[in-house]
Amino acid sequence: SKENHAPENHSHKNSLPVNKGVSVVSEAVCQEVMGRADAFTAVENVFSAMAKNTAYNFPVIREAIGHADALYGFKSGFDRDGMVLGLKSGGYWPGNVQKDLTNHQSTVILFDPDTGQLKSLVGGNYLTAVRTAASSAVSIAHLARKDSKVLGMVGAGHQSTFQLRAAVEQREFEKIVCWNFHPEQIPKLAAVAEELGLPFESVTREELCAQADVIITITSAFEALIDKDWIKPGTHIACMGTDTVGKQEVDAKLLAVAKVFTDELAQSITLGEAQHAIAQKLIQQSDIVPIGEVINGTKTGRTSAEDITLFDGTGVGLQDLAVASVAAELAEAKGQVTYFNL
Ligand code: NAD
């Protein structure tokens, strides 16, 4: 529209695109334009591209900066299918709580793959939660039994509500069961279940495994919370919390009896849930299947109703770039970005 702040992309027919400058997409605008369905598609596509080797993640940089107890880093990559190049920068600032800010802070920076010019700055906090939820949702879509009825949530922190909302869109769940290390956090997740019209029960970990057909673990635990023997045949479990060396959510022995899938092999064996089973030689790298192979139909996923499937969702930079790129496009189309020139 004429009211749009953004200059027109093409001044007249057959002209070269006019460089509009760098677009800025705020956290608030990301929340407004980026829905779960778009995030699901973006993440599924990028996992597919990773398995075809048309998209790859560059080595991750993560450093303790020696100030404010902060962990700071970069996750970057290039998706040749989606033509998305860039990085997510940010990290973990534990003191932010006292400042009324979230501890995890991130910003996505997108570049034009044809010229290397800076294209967009996109708030990354909301998008991180959305893309992480989309990741477990993609795993449920491709690996969980179609007749899954009970969803088990291990964890009730910041990410958990996003995880719950995305997961329930993949199967006709009839009930949510939950366990959390900090019981006082559970009511917030219970409220989301109520909003979704689903019965919610707070249970022990063992009871959760006995009831659940699909389990999502999304905690910052450093030791196994789930015993191998508690998991019933046919369960799909998405391990989403372990994204760092030393973290762990499930019994390493579970990975030896489950069919194991991941977003990215390199991360799975070093900093994902599989790091422990690999270190203990319970499984080998060749036992782990990139989920993109299942999406592409080049490897099988679940082959029976008895299979235990386990998705090691480690979180890759390309997921961030994928959702940020879609968010920027949607925001630009709606005229909800501001532009500047360097
Ligand atoms: P949060 O701080 O809001 O919540 C932490 C959760 O872990 C809570 O449920 C808490 O009760 C639980 N917890 C804390 N200490 C525990 C312990 N010792 N034993 C068992 N549970 C414990 O964090 P969040 O933003 O919800 O993130 C949860 C986890 O997910 C973190 O480990 C985070 O690094 C990880 N994460 C992974 C991805 C990914 O792509 N895989 C993306 C974002 C976050």
Place +1 on the Cβ of every Lys and Arg and -1 on the Cβ of every Asp and Glu in the chain, take the dipole about the Cα centre, and give the residue among F78, A134, L101 whose Cα lies farthest towards its positive end.
F78
Expressed in square angstrom to the nearest 10, the accessible area of V150 with a 1.4 Å probe stands at 20 Å²
Quick calc of log₁₀ I(q)/I(0), the stretch 158-304, Debye, one scatterer on every Cα, no solvent, q values 0.11, 0.13, 0.16, 0.18 1/Å, result -0.43, -0.60, -0.91, -1.14
Tell me, what HN-Hα J-couplings in whole Hz come from the Karplus equation 6.51 cos²θ - 1.76 cosθ + 1.60 at θ = phi - 60° for each residue of the stretch 96-103, using x for Gly and Pro?
5, 3, 5, 9, 6, 10, 6, 5
Solvent-accessible ranking of M83, M50, largest area first, probe 1.4 Å:
M83, M50
I need the phi-derived Karplus couplings for the stretch 72-79: 6.51 cos²θ - 1.76 cosθ + 1.60, θ = phi - 60°, integer Hz, Gly and Pro marked x.
10, x, 10, 10, 9, x, 9, 10
Could you work out the relative contact order of the chain, using alpha carbon pairs under 8 angstrom and six or more residues apart, expressed as a whole percent?
22 percent
Distant-in-sequence amide H partners of D307 (H built 1.01 Å from N, under 5 Å)
G234
I'd like the accessible area for R80: 1.4 Å probe, protein heavy atoms, all chains in place, Å² to the nearest 10.
140 Å²
So, with +1 on the Cβ of K and R and -1 on the Cβ of D and E, and no other charges, what is the size of the charge dipole of the chain about its Cα centre, to the nearest 20 debye?
520 debye
R0 of 41 Å, Cβ-Cβ distance K188-A266: FRET efficiency to nearest 0.05:
0.75
Between their Cα atoms, which of K52/K149; K146/K188; K149/K259; K52/K281 are more than 25 Å away from each other?
K52/K149; K146/K188; K52/K281
Roughly how many Å² is the accessible area per residue of the chain, as a whole number, for a 1.4 Å probe?
47 Å²
Quick test of the membrane-span-like rule: which DSSP H helices of the chain reach at least 20 Å along their long axis (C-alpha atoms) with mean Kyte hydropathy at least -0.5?
36-51, 125-143, 317-333
Could you look at the chain and say what percent of its accessible area is carbon and sulfur, using a 1.4 Å probe and all protein chains?
53 percent
Taking K and R as +1 and D and E as -1, what net charge do the other residues with C-beta under 14 Å from the C-beta of V130 add up to?
-2
Net charge near T54, counting Lys/Arg +1 and Asp/Glu -1 over other residues with Cβ under 14 Å of its Cβ?
-1
Once fully extended, how much extra length lies between K281 and K52, figured as 0.36 nm per residue of separation less the alpha-carbon to alpha-carbon distance?
79.7 nm
Given H placed 1.01 Å from N in the peptide plane, which residues other than close sequence neighbours of F78 have an amide H under 5 Å from its amide H?
Y56, F58
Can you work out ³J(HN,Hα) from phi for every residue in the stretch 229-234, in order, using Karplus 6.51 cos²θ - 1.76 cosθ + 1.60 and θ = phi - 60°, giving whole Hz and x for Gly and Pro?
6, 7, 7, 7, x, x
The base-10 log of I(q)/I(0) that the Debye equation returns for the chain at q = 0.06, 0.07, 0.16 Å⁻¹, one scatterer per C-alpha, is -0.22, -0.29, -1.42
Can you give me the Cα centroid spacing of the stretch 94-164 and the stretch 27-91 in angstrom?
10 Å
Report the label-to-label distance for H67 and E32 in nanometres (one decimal), using points 7 Å from each Cα along the Cα→Cβ vector.
3.4 nm
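How big is Rg to Rh over the stretch 134-225, alpha-carbon atoms, Rh as the Kirkwood inverse-mean-distance radius?
0.92
The values are calculated or read from the model by the stated rules, or taken from the named source; none is laboratory data. No experiment lies behind these values; they were computed from the predicted model shown. For neighbour counting, all protein chains shown are included, and Cβ atoms are generated from backbone atoms with ideal geometry for every residue, glycine included. For accessibility, only protein heavy atoms count, side chains too; no ligands or nucleic acids. Shrake-Rupley method; radii C 1.70, N 1.55, O 1.52, S 1.80 Å.
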